[in-house]
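Participant: Below you will find the structure I want to go over with you.
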Amino acid sequence: MAVVSRSGVLLLVAALLLIQPVQIPTDEVVDAVIEHGPNDLFLRDIKAVQVVEGLSTAKISTHQIKHLQQLGHSVYRPRTYKPLLDVSIAEIGIPEISNITGINVPSVDGRGVLIAVVDTGVDYTHPAFMTPDGRSRILYIWDQTVGGKPPTEFGYGYECVGEEIRLGTCPQRDTVGHGTIVASVAAGGIYGDWRLRGVAPGAELIVVKTGGPACGGRRWFFNEKGLLDGIAYAVTKSFELNRRLVVVLSLGTDIGAHDGSTPMEKALEKWAERGVLFVVAAGNSANDSRHVEGTLTSDEELVLRWTIPSETTSVSISFVTHPKNRLQIKVTNPVGTIIDVPVNGSKTTGRIKVESSETSSGLLKEVLVEVSSDELPPGIWRLTIKPLQVVDGRWHAWIQSDTCDEESESFIASSGYEITPAYTVTIPGTAKKVLTVGAYTTKTRWTASGQTWNVFGEVGRIEFYSGRGPTSDGRVKPDVTAPGGIVVGARSKDAPTQSFSPGSLYAVSRGTSMAAPHVAGVAALILQLGPSLTVDQVIALVKGNARTDDFTGDIGENGSNVWGWGKVNAAVAVVFEAELNGKVSEAKPTIYLNGTALTTLTSPMTVKIVLLKNTVTNITVSTTYTYNSTTYLAEPQTAFVTAGTAKRRFTISAFHRITIIHPNGTTLSSTWEKEGDVIDLGGKFAGPKIGGEVVGYVDERGVRYSGKLLEVTRPMQLVLVLEEWNILVPIIGALVTIASSAALVILLVRLRPRKSLRKEKRYEAFADNTPA
């Protein structure tokens, strides 16, 4: 949900509350997320939907939850999620590729690739989502918030497809606007009066609207189950269409182990292994005092001090440490009431309920403390942690609440720990096999409503709120950074108006929510040019192509926990020129790119092929045309080229079958010879085995030619003309050679020194006396 701060800055604050083990009142039917084995029969009984292998969603009762837990399954309750939130398109290098074209792609614009936006919905009537001929580039919309026509795989919501979207009868509306601007940054196009291009305007969209209003309509919260169902829906559609899919997740949470071990993160990793690319915002928590770290000692209590504003009903603290550390915890409210709570237990004092749960990922243990009430008293709270056993004292803690106040929850500085911006990349940005995106500043001043608007920041510098790494298990995050403030995109007609917007079609926003769709669009450009690339390869290309400048400084091969591997660079393509000459008209060669046929040529020309940077590409020229004993071959047939290779020449040559026949009718050879080559028939067929010396030949038309040389001009069948040899000549020659050799041996023996002869005799005597 977009809010205006006291300084008038539009700021989208991100939060994703981690799902936790279910503790639910008796007989209540609720949403649940279930981890299970591959063939568990209970899924059918409870009508669960398996969103990815080992993870399903369902609406189930308290009795069913207890039964599943008794069977050893992990059951989690979906909790609340919040959205995270012109110049930026030019900043990332789109102008460098906007005019690139080739025989393989008419434009580098992401066409053929799907981008899924699982968010607050979309204004599907906005011109940003129209093709040049007026068709919608949105293929599917699933509105989970209204009923009437659910998708086949799911039992709720309303699914809109082509005709309803085209006619404008789809009931889905984006009343928040967050999803619309995210979609427009990633894949907005130019149509009519709308001239603001997104990164991948050729890509098509799948949109899932999920969640619902909160804080009296001022905020929009998501549900974990809806998000997982929405992603599964988009993945299924992409597989049905056999298209590559990029999913934008402009959301995150500060609660969790930050090591990729939460159910959501594990689900994303499994989908990524199946080829789905996730682009995730790094979060906006770096400057909010939401992370602290320190070291436990066995003889000293740790007291974490934190504050919450008014209009808050729940707050969570995630304390992450070594799995063998044993702890006791208690919570103290602002008026001094102490609430002792057992690990994996709960306690209610007055109207305040404190719950504690412990989960382990193997390397780390998370102790989650949740405090809730119909309204929590604002002020300074304390969490006291008493170590009972310390194996490794290092720890991290994160805080997050559901406040509706303009102020937010935060830790307060105190002895025993340090408030740091490190480790503030939010979940699921800490998942493995996802592209995590931080934000930097591209605009601080703009004009709207007849006045100039300003925000804090310096163009080119990292945004103050952008989440920093590393992850708690030591991986560098984010992967790259992208424009996050200020960003202008499409405004939903059903969203609140903005006085600081440059027009009714435009929205202004700020946050890593805006950075993520920039990178999602770049990923779509890469997949357009390399549809068979793996997720790991796409991530490596995005990181390897990132740029550095004076703000980022030098970034080594190991990356940076502020900038990742640099600022995203959309200039991922270059033009390679293949020059074909020679017998092109006769051969009609076909050009292949990595095994895929691009075009067949009928005349000599130079063709342009768009290639990905930092990749090796296989360009093959195939000539399968054969006619009347003539075939054609390209030289070279195959070239492995890099993006740095600007041009390569392929020459098409004719090869003719040349058959050589002995005067007695025996075929001596039948070979393919290149047109223009000269064959020395005398050298090729010299020797007594053919019974004479080549002095000419007769072709298939009966024309006789003198000489030993043949120039290849066409297919030919030749009968050699031989001059027969006299048999006495070789015999006399052999006798002369033998006689000369004998005379030479006699002369050499006579000239040898006698000393040598005596040595030879002694050797012979020694040999004669050797026992038999």
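Participant: Six or more apart or on different chains, Cβ under 7 Å: which pairs go from a residue in the stretch 654-673 that's outside any strand (DSSP E or B) to one that's surrounded by 15 or more Cβ atoms within 10 Å (Cβ to Cβ) and of a type in the set (A, V, I, L, M)? Could you list them?
Facilitator: If the second residue must be surrounded by 15 or more Cβ atoms within 10 Å (Cβ to Cβ) and of a type in the set (A, V, I, L, M), the pairs left are His662/Leu668; His662/Ile690; His662/Leu720; Pro663/Val719; Pro663/Leu720; Pro663/Leu722.
Participant: Here's another thing I want to ask about it. Give Thr307, Thr297 a once-over and let me know the one that is β-branched (Val, Ile, Thr), open to solvent by 10 Å² or more (accessible area, probe 1.4 Å), in a loop (DSSP other than H, G, I, E, B) and closer than 21 Å to Trp395 by Cβ.
Facilitator: Details: Thr307 fails: in a loop (DSSP other than H, G, I, E, B).
Going through Thr307, Thr297 in turn, just one is β-branched (Val, Ile, Thr), open to solvent by 10 Å² or more (accessible area, probe 1.4 Å), in a loop (DSSP other than H, G, I, E, B) and closer than 21 Å to Trp395 by Cβ: Thr297.
Participant: Let me ask something else. Which condition number does Val354 fail, the rest of (1) over 18 Å from Phe319 (Cβ atoms); (2) crowded, with 21+ Cβ neighbours inside 10 Å being met?
Facilitator: That leaves (1) as the condition not met.
Participant: Got a sec? Which of Ile399, Ile338, Ile380 is closer than 17 Å to Leu304 by Cβ, touching a strand residue (DSSP E or B) at 6+ places or on another chain (Cβ under 9 Å) and open to solvent by less than 10 Å² (accessible area, probe 1.4 Å)? Please lay out each step first, then the result.
Facilitator: On the way: Ile338 fails: open to solvent by less than 10 Å² (accessible area, probe 1.4 Å); Ile380 fails: open to solvent by less than 10 Å² (accessible area, probe 1.4 Å).
It is Ile399.
Participant: With respect to the numbered conditions (1) touching a strand residue (DSSP E or B) at 6+ places or on another chain (Cβ under 6 Å); (2) polar (S, T, N, Q); (3) assigned to a strand (DSSP E or B), which one is the sole condition not fulfilled by Ser414?
Facilitator: Checking Ser414 against (1) touching a strand residue (DSSP E or B) at 6+ places or on another chain (Cβ under 6 Å); (2) polar (S, T, N, Q); (3) assigned to a strand (DSSP E or B), the one that fails is (3).
Participant: It is to be established whether one or more residues within the stretch 229-246 are part of a strand (DSSP E or B), of a type outside the set (Phe, Trp, Tyr), at pLDDT 95 or above and closer than 27 Å to Ala540 by Cα. It would help to see each step written out before you state the result.
Facilitator: Taking the stretch 229-246 first, the residues part of a strand (DSSP E or B) are 245-246.
Still in the list and also of a type outside the set (Phe, Trp, Tyr): 245-246.
Imposing the further condition that a residue be at pLDDT 95 or above reduces the set to 245-246.
If we keep only those that are closer than 27 Å to Ala540 by Cα too, we end up with 245-246.
Yes - at least one qualifying residue is present in the stretch 229-246.
Participant: When the residues of the stretch 537-573 are filtered to those that are part of a strand (DSSP E or B) and touching a helix residue (DSSP H, G or I) at 6+ places or on another chain (Cβ under 9 Å), which remaining residue is surrounded by the fewest Cβ atoms within 10 Å (Cβ to Cβ)?
Facilitator: Ala573
Participant: Just to verify a result, which residue in the stretch 191-225, among those that are closer than 19 Å to Ile97 by Cβ and at pLDDT below 90, is most open to solvent (accessible area, probe 1.4 Å)?
Facilitator: Arg195
Participant: What single numbered condition from (1) part of a loop (DSSP other than H, G, I, E, B); (2) open to solvent by 10 Å² or more (accessible area, probe 1.4 Å); (3) at pLDDT below 95 fails to hold for Lys493?
Facilitator: Every condition holds for Lys493 apart from (3).
Participant: Does the stretch 61-77 contain at least one residue that is assigned to a strand (DSSP E or B), β-branched (Val, Ile, Thr), crowded, with 21+ Cβ neighbours inside 10 Å and modelled with pLDDT of 75 or more?
Facilitator: Quick first cut of the stretch 61-77, residues assigned to a strand (DSSP E or B) only: 74-77.
Within this subset, residues satisfying the condition of being β-branched (Val, Ile, Thr) are 75.
Still in the list and also crowded, with 21+ Cβ neighbours inside 10 Å: 75.
Then keep just the ones that are modelled with pLDDT of 75 or more; that gives 75.
Yes, because at least one residue in the stretch 61-77 is assigned to a strand (DSSP E or B), β-branched (Val, Ile, Thr), crowded, with 21+ Cβ neighbours inside 10 Å and modelled with pLDDT of 75 or more.
Participant: To continue, here is another question. For Gly676, only one of the following conditions fails: (1) modelled with pLDDT of 90 or more; (2) under 53 Å from the mean Cα position of the chain (by Cα); (3) crowded, with 18+ Cβ neighbours inside 10 Å. What is its number?
Facilitator: The failed condition is (3).
Participant: Taking the stretch 690-705 only, how many residues are surrounded by fewer than 12 Cβ atoms within 10 Å (Cβ to Cβ) and in contact with an Asp or Glu (Cβ under 8 Å, 6 or more places away or on another chain)?
Facilitator: Total meeting the criteria: 0.
Participant: Shifting gears a bit: Within the stretch 297-319, how many residues turn out to be touching a Lys or Arg at 6+ places or on another chain (Cβ under 8 Å) and under 15 Å from Val354 (Cα atoms)?
Facilitator: 0
Participant: Under the condition of being acidic (Asp, Glu) and modelled with pLDDT of 95 or more, which residue from the stretch 260-287 is farthest from Val476 (Cα to Cα)?
Facilitator: Step one: of the stretch 260-287, the residues acidic (Asp, Glu) are 265, 269, 273.
Within this subset, residues satisfying the condition of being modelled with pLDDT of 95 or more are 269, 273.
Details: Glu269: 17, Glu273: 20 Å.
For the stretch 260-287, the residue satisfying everything is Glu273.
The values are calculated or read from the model by the stated rules, or taken from the named source; none is laboratory data. Remember, predicted model here, so these are calculated numbers, not experimental data. Cβ sites come from the backbone with ideal geometry, for glycine too, and all protein chains shown count toward neighbours. All accessible areas refer to the heavy atoms of the entire protein, side chains included, with ligands and DNA or RNA removed. Shrake-Rupley method; radii C 1.70, N 1.55, O 1.52, S 1.80 Å.
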